[in-house]
Amino acid sequence: MGKRSKTSRKGKKAWRANISSEDIEDFFEKTTRDALSGGNLSAAPSEDLFHVDKSHDLPVKRKIEKHKERVLRVDSILKKNPFVQLVPSSKPKLKKSKKTIVIEDKAPKQVQKSVGDDSVMADLWGEHESNPRKIFKNPSIIPAVEIEHPGCSYNPTTESHQDMLAEAVAQEMQKVYKTELGPAPVPLTIEGDTLSEDERYFLDVDNFSEGEDNENVESEVSEAGIKLKENPFVQLKPSSNTNLKKIEDKTPRQAQKSVGDDSVMVDLLGDDIKEDLKYFLEVGNVGEGEDNKDVKIEVSEAGNNVSRKTKRVTRVELNKRCRQKALRKKETKEKAKEKILNEIDSLPNILEEIAKEDEDKQNKHLRRVIAKQEVLKIRPPRLGKYKFEAPPVQVLLTEEMTGSLRKLKACCTLARDRFKSLEKRGILVPSKQIRRF
Amino acid sequence: MPKHYRPTGKKKEGNAARYMTRSQALKHLQVNLNLFRRLCIVKGIFPREPKKKIKGNHHTYYHVKDIAFLMHEPLLEKFREIKTYQKKVKKAKAKKNEELARLLLTRQPTYKLDRLIRERYPTFIDALRDLDDCLTMVHLFAVLPASDRENLEVKRVHNCRRLTHEWQAYISRSHALRKVFVSVKGIYYQAEIEGQKITWLTPHAIQQVFTNDVDFGVLLTFLEFYETLLAFINFKLYHSLNVKYPPILDSRLEALAADLYALSRYIDASSRGMAVEPKVDASFSSQSNDREESELRLAQLQHQLPSSEPGALMHLVADNNKEVEEDEETRVCKSLFKDLKFFLSREVPRESLQLVITAFGGMVSWEGEGAPFKEDDESITHHIIDKPSAGHLYLSRVYVQPQWIYDCVNARIILPTEKYLVGRIPPPHLSPFVDNEAEGYVPDYAETIKRLQAAARNEVLPLPGVGKEDLEDPQNLLYAGVMSRAEEAEAAKNKKKMAAQEKQYHEELKMEINGSKDVVAPVVAEGEGEESVPDAMQIAQEDADMPKVLMSRKKRKLYDAMKISQSRKRSGVEIIEQRKKRLNDTQPSS
């Protein structure tokens, strides 16, 4: 605060003028403001400032309640009316009852377990049925434990034993025949003289050139063909001549080759010539043939080559064609009619044929179905890389039949039998795995 | 792959979408082949054969849904957990931290298969239906030698043995056994439980070998599942007898390898009312209080008690009044060997015969310690022996070969013993699983047995009316078959008469059809009769063709198929008969 500028203090006026009245003014201002706002707040008692609101704030409460109580009409309809008896519906009731049973069951079960059993096990298949889930069962019709033929008894009757022995022998012989009658295996080494360097070189060269030549011929022939198509009359002779010439050129070259190869090549060439000749003939036919074809060729040629002149089709010709077309149509129609009439006449024969065919088909189907079933009875479906191979039949030899249980030469490979049974039923995939010892 | 997992460019339908190869499945499940195989076995998932094999004929295909089924299997997660745990153990071992490795091994995660059993067999009947394979496998592994190389532990072999004994004890107790067939491979048994026919095969008492074309890893996985299954089934069956399941056996008998006997005694004792009250296992007895211990001792005493009086032991038929709900066949089976006493010689298969004899109501003992009665017991009626000659002969008993038991059981009558006596070659052992009528060929001995059965029915049927004293005399029943020889002859005569009447009937039939064209001569000669029969047959066949025309196509096809198979069978029978004729012709000459 800087020093106040000095004023004159001479006279009463000057005294009055120079006295500060700020505090008084402040006071007055404050009091007027308080009066306007309703009294001094700091001086007022707390009861005046705050009060407990005991009045019911109705609108708010109603709002909340309204929100709470609002029930949709659909719900109100579905809501259980205590005065209306429910119509019992089967499903939900069943569920409920089941649940209650389960709950009831649980308690006694536990009790029973603790009292009666000191074991860890419990009855898996208790009173309450579990919901049976659909599980894919193996479709095999082969039983898990196949009972053997009566001939496999430890003391069989002679007839059935002979029967079974025959089967066992057949099984063994089948294996033998398979190896004997099957195709001979490819030998790993072949006897013969060794080739010298030069011979080998020649062989290689021959093979190479032969391939090339063939290709050449073919491409030339096709080229010639294209040329022929383009302009049948003009360029025909020269092209064919060149072609033939080329072929003639080739023949001496091929004569150098081995004899065996030669014959093949000659044949090939012969074919080529034949093809050329065919082209000649066809072209000739086209030239001499009907007008239609001629015209068509002309038209197509006109498309290709604009500069070429086209023969104008006269009105007379057009009319002629139109007539011919109609005539042809009529003829075909009549022919079709005649055919149908013929067929109607031979209807019994046709019916017979159809019946016969049906019967054949049926028989075939039947045979196939039976064969399939028979196969499924003895063999599983093919499940993997290897086929199932049946284990050998366990049957006593005639000299081993003693009739005594003590002297019986019994089977000691039951584990294999089980394993094969699993494979046979399609549970395991047959494998060729042979473990080393 | 389920529909919503299908990546773009994959097939939506058809075989390409429905099936996946095994390697695809492995990739999809993110498991190795070994684990996949195990999962498939315990879950019961089999490879399939699609109509069109997309990837070629040399692949194995699985249905996509099957693989999805495996994908959601909690066991898969468990297996993975075990795998990672094994890695931990391995690591500890590699770091030479033996302490940690040992600690880890004691807390290995384990898994249970009971949920899977419940899933695969929703009802008890389902489980029984699928028991054949299970029983055969467990019986096989019960006799296999434990082997380190094949990872077959002694503990598992013992467990298998225990399970088989428990099963056999139940079968003999409930008299559920129906058929027995001794073949070269082993002994086939067939039992009937709750209407389900259960067939199983037990190996002969010789050493089984490990062959190199068998993957024992796969078989052991099957065994693991089957052990659990059989344990639960035994549990259920024992509880149905009101017997506590893991049975507590007499340790003395167990040591003497007489488990079956010990078990039957246990069941006998328990079902007399002791099983209901709570007992404690021997392992728990140390921690239990004195009162319970004394109770246990009391129970054991009661176990011991019957062994002092011989004869009352294997006699399981005592409580007739208890089982009211049993069917006719069970009753027949139960009383077949009633009041007969058998003694088994050392060389006969003891376990098999013990099972069969007790299942058919007989009493049995054997040579050795712990046997219910000794060899010199006077009341023994049959001595089973398989030697060319017996040493000391008791006159009061019959010495027979073991086959006699099996044949009696299959025929359901007490057969005459003379053919089965010691030193003779017994008659052929016929398979009871063959239906001779359907097959068309009846062996000679089967016919003999049939005649005996018919005779026995005449003989035995009035017996209940006569009274029990007749039945109780075993000798009487035993020789019933022998005594009825005369009747047998009579039956044969009756048969002939019947055949003659049949011929005449056919003749008359023919006459009717022919419109009495010619007067038919009365039946005199055999040859004429034989000729007439096929004629009538032909006519009958013509008649039979009529409904065939009226059949629907499907039925007709089925009928045709049946005809074909029948004709095949007939031709087979003809071959057998021809062969037999030839045999008969050659044998006398040679």
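Couple of notes before you dig in:
- Inter-chain Cβ neighbour count for B:192-199, averaged per residue, equals 1 (cutoff 10 Å, partner chain atoms only).
- Shielding by partners for peptide B:560-566, expressed as the average number of C-beta atoms from other protein chains within 10 Å of each residue's C-beta, is 2.
- Basic side chains Lys and Arg get +1 at the Cβ, acidic Asp and Glu get -1 at the Cβ, and with that the dipole of segment B:204-261 about its Cα centre reaches some 340 debye.
- What separates the Cα centres of segment B:51-92 and segment B:192-269 is a distance of 31 Å.
- Prolate/oblate/rounded label for segment B:15-72 (Cα gyration tensor, a/c 1.5): prolate
- Cβ crowding within 10 Å averaged over residues, with A:356-369, B:334-347 ranked highest first: B:334-347, A:356-369
- Overall form of segment A:316-378 per C-alpha gyration tensor (a/c, 1.5; a/b vs b/c): oblate
- Per-residue mean of foreign Cβ neighbours for A:162-168 is 2 (Cβ atoms of other chains, 10 Å radius).
- Inter-part distance, segment A:364-437 to segment A:145-201, computed on C-alpha centroids, equals 17 Å.
- Taking the Cα centre of segment B:337-457 as origin and assigning +1 to Lys and Arg Cβ atoms and -1 to Asp and Glu Cβ atoms, the resulting dipole is close to 240 debye.
- Extension reserve of the A:ARG328-A:VAL87 stretch, reckoned as 0.36 nm per residue once the Cα distance is removed: 78.7 nm
- Charge tally in the Cβ shell below 14 Å around B:ARG553, where Lys, Arg are +1 and Asp, Glu are -1, B:ARG553 excluded: +3
- Burial ranking of peptide ranges B:100-110, B:414-424 (average Cβ count within 10 Å, highest at the top): B:414-424, B:100-110
- Difference of contour (0.36 nm per residue) and Cα-Cα distance, A:VAL74 to A:MET173: 27.4 nm
- Whole-number percent relative contact order across segment B:1-62, with pairs defined as alpha carbons under 8 Å at least 6 apart: 41
- Across segment A:383-436, the relative contact order, built from alpha-carbon pairs under 8 Å that are at least six residues apart, equals 56 percent.
- Listed values for segment B:562-571 are Karplus-derived 3J(HN,Hα) couplings in whole Hz (6.51 cos²θ - 1.76 cosθ + 1.60, θ = phi - 60°), namely 4, 4, 4, 5, 5, 5, 4, 4, 4, 5, and x replaces Gly and Pro.
- Positive end of the dipole of segment A:383-436 (Cβ unit charges, origin at the Cα centre): among A:ALA415, A:LEU428, A:LEU405, the Cα lying farthest that way belongs to A:LEU428.
- Packing rank of B:88-99, B:61-72, where each peptide gets the mean count of other beta carbons within 10 Å, highest leading: B:61-72, B:88-99
- Residue-wise HN-Hα couplings along segment A:180-192, as the Karplus relation 6.51 cos²θ - 1.76 cosθ + 1.60 with θ = phi - 60° gives them from phi, are 6, 8, x, x, 5, x, 5, x, 7, 10, 10, 6, x Hz; Gly and Pro carry x.
- Amide H contacts under 5 Å for B:VAL364, placed H, 5+ residues apart: B:MET314, B:PHE342
- For B:TYR61, nonlocal amide neighbours, meaning residues 5 or more places apart or on other chains whose placed amide H falls under 5 Å from its own, are B:ARG48.
- Here the dipole of segment B:15-72 is about 140 debye; that uses its Cα centre as origin and unit charges on the Cβ of Lys and Arg (positive) and Asp and Glu (negative).
- Built amide H within the under 5 Å cut-off of B:HIS383, gap 5+: B:PHE343, B:VAL398, B:TYR399, B:VAL400
- Selected from B:MET71, B:ASN57, B:VAL42, residue furthest toward positive end of dipole (segment B:15-72; charges at beta carbon): B:ASN57
- Approximate spin-label separation B:SER240-A:GLU353, in nm, with each point projected 7 Å along Cα-to-Cβ: 6.6
- Mean accessible surface per residue for segment B:15-72, computed with a 1.4 Å probe while every protein chain stays in place, in Å²: 50
- Label-to-label distance for A:ILE344 and B:ASP435 is 5.8 nm, based on points extended 7 Å past Cα in the beta-carbon direction.
- Karplus-based coupling profile of segment A:336-341, in residue order and whole Hz: 4, 4, 4, 4, 4, 4, with θ = phi - 60° in 6.51 cos²θ - 1.76 cosθ + 1.60 and x standing for Gly or Pro.
- Take every Cα pair under 8 Å whose residues are at least 6 apart in sequence, average their separation, divide by the length of segment B:113-273, and the relative contact order is 25 percent.
- Among beta bridges that DSSP assigns inside segment B:337-457, antiparallel share in %, nearest 5: 10
The values are calculated or read from the model by the stated rules, or taken from the named source; none is laboratory data. None of the values given here were measured: they were computed from a predicted structure. Virtual Cβ from ideal backbone geometry, glycine too; neighbours counted across all protein chains shown. Ligands, DNA and RNA are excluded from the accessible area calculation, which covers all protein heavy atoms including side chains. Shrake-Rupley method; radii C 1.70, N 1.55, O 1.52, S 1.80 Å.
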